[in-house]
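Okay, so here's the structure we're looking at.
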Amino acid sequence: MVNSMVLFALSVLLLRTIWMLLQNQTTIEGWEIERHRALLRRARVFGGYLDGPDGTKVRIEKQEFPFDIGIWENIQAGMGGSANVLSWFWPLSRTPLPGTGLDFEVNGLDDPSLSWPPPDPDRMYRHVLPSENDNVMILDQQQNFSQNAIDAFRRRQELDYKRHQLDLGVQRRKPFHERYMQNIDDSISDGNDSIKGYYSSDSGEEGWRNSDGDRLRDFGVDEEAEFYDEDDIPLTVLIQRKNQAKEKSLAVAGLKHREV
């Protein structure tokens, strides 16, 4: 079943290649011909003209594909320009001389000055004219600015420069055990609310931003994910440090109770 499908696909591809070789056309040139025919049908309804950019009228005239120079000539052009059929299949045959790629033989059915592909009003360059309602400020030498406006502009420029410099600095997130111990110390001194403030801080990798102001969470990265970075600390050491921190917190709480 698979072999049959592959054979069918290759057969269709071979027939398509032979058909394009006989017409001396590429796939893109075939699309251009179909597009030109569609424009001719549209122009026939509007008297031979179509609306171009900026309201101009573009006349659409029928043009023949200029590179269809005959069946045998098309085959020769596609096979390297040689009329020797055996050389088409002989791998040691002489390589065709390279051309410039700029000049090709044409059939001469149309005026040589006409371009291919034909003009397409939908693809012509459109001039963007500013509207009267657009709030556009044009600066020239005749405009006078006050010193306050110049100073304010320079201050904004300096702030933008400093912000850009800060964005360029990449800070690595601290290892998990260091952040964990810092959370416990902060909770002892400032209360449990400091843990939330730590995770929402703008320091380390959690606060990293690129030049566009995007953070890691904007790319789907969990900024609060726990990992060890390069340090490989055993779990027993972390548990031991946790117990020591708890004992330290109890001792501090006892001292505060005695002072009261």
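The values are calculated or read from the model by the stated rules, or taken from the named source; none is laboratory data. Just so it is clear, the structure is predicted and the values come from calculations on it, not from any experiment. Every residue, glycine as well, gets a Cβ built from its backbone with ideal geometry; the counts of neighbours run over all protein chains shown.
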Restricting attention to the range 19-31, report how many residues are surrounded by fewer than 16 Cβ atoms within 10 Å (Cβ to Cβ) and of a type outside the set (A, V, I, L, M).
5
Please go through the range 36-70 and pick out each residue that is more than 36 Å from the chain's Cα centre (by Cα) and acidic (Asp, Glu).
Glu61, Glu64, Asp68
Unmet criterion (only one of (1) on the phi < 0 side of the Ramachandran plot; (2) touching a Phe, Trp or Tyr at 6+ places or on another chain (Cβ under 7 Å)) for Asn24
(1)
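Here's the yes/no breakdown for (1) assigned by TED's automatic domain parsing to the domain that holds Asn24; (2) closer than 24 Å to Ile18 by Cβ; (3) modelled with pLDDT of 80 or more; (4) surrounded by fewer than 10 Cβ atoms within 10 Å (Cβ to Cβ):
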site	(1), (2), (3), (4)
Lys62	yes, no, yes, no
Glu73	yes, yes, yes, no
Ala83	yes, yes, yes, no
Trp88	yes, yes, yes, no
Gly99	yes, yes, no, yes
Glu105	yes, yes, yes, no
Asp110	yes, no, yes, no
Glu132	no, no, no, yes
Phe153	no, no, yes, no
Would you confirm, using the coordinates I've provided, whether Leu39 is within 30 Å of Tyr125 (Cβ to Cβ), in contact with a Lys or Arg (Cβ under 7 Å, 6 or more places away or on another chain) and hydrophobic (A, V, I, L, M, F, W, C)?
no
Flagged pairs (Cβ under 7 angstrom, 6 or more apart or on separate chains; first in the range 47-64, charged (D, E, K, R); second assigned to a loop (DSSP other than H, G, I, E, B) and at pLDDT below 85) are Asp54/Arg126; Asp54/His127; Glu64/Leu109; Glu64/Asp110
